[in-house]
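Have a look at the structure below before the remarks.
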Amino acid sequence: LDRCCNMDLWKIAFHSREICKSSVTGIFLSGNVVDGQSRSPQWEYMPNTATWLYKVANLGLDINSSYGVSITIQLSKTGACPTLETFFQQKSYSIFSRNNACCPTYTNWPLNQIMA
C-alpha cells in the first residue's frame, strides 16, 4: 500500500447489487451534492465477479484535498435496499488514481448509518 500514499483520489467504487440501483437518492462528497455529467455516479456490471459496481469518478482530489473527505450515499427508505447492509453486496470498496496506476481495495470497514 506504500506505493499509494501519494496518489490522488480520482474514483471510488463500491460493490452492490442490481436490485439496489433505484435505491440511491443522492451522493455527497463531504456534505456537497455530487452532480453534473462529469461527476455523476454510474453503475457498471462486472461479469468476472458477477457483481455490480456503484462508482463515482472525476473526484479530482489530490493528496492534500482528499484528507478527511467523507462520501455519503443516501438511500430511499422505501427502496429495495434501504440500509447500508442491504445496499453493499460485500463490505468492500476500491479507490483509483487518475491514471488507474493504483487501485487498493479495502474490506470490512465499519458501516456508519444515520437514520432520518
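The values are calculated or read from the model by the stated rules, or taken from the named source; none is laboratory data. Note that this is a predicted model, so its numbers are computed, not measured. Cβ coordinates were reconstructed from backbone atoms using ideal geometry, including for glycine residues, and neighbour counts include every protein chain displayed. All accessible areas refer to the heavy atoms of the entire protein, side chains included, with ligands and DNA or RNA removed. Shrake-Rupley method; radii C 1.70, N 1.55, O 1.52, S 1.80 Å.
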Original post:
With the other protein chains left in place, how much accessible area per residue, in square angstrom, belongs to the range 57-112 at a 1.4 angstrom probe?
Top reply: 60 Å²
**OP:** Using a 10 Å cut-off on Cβ atoms, rank the peptides 45-52, 95-102, 81-88 from the highest mean neighbour count down.
**Re:** 81-88, 95-102, 45-52
Original post:
What trypsin sites (Lys or Arg not before Pro) in the range 14-95 are in a loop by DSSP, with at most 13 other Cβ atoms within 10 Å of the Cβ?
Top reply: K77
Subject >> Whichever lysines have a C-alpha closer than 19 Å to that of K55, once near sequence neighbours (fewer than 8 apart) are set aside >> reply: K11, K21, K91
Original post:
How far apart, in nm, are two points set 7 Å out from the Cα along the Cα-to-Cβ line at S66 and at T107?
Top reply: 2.2 nm
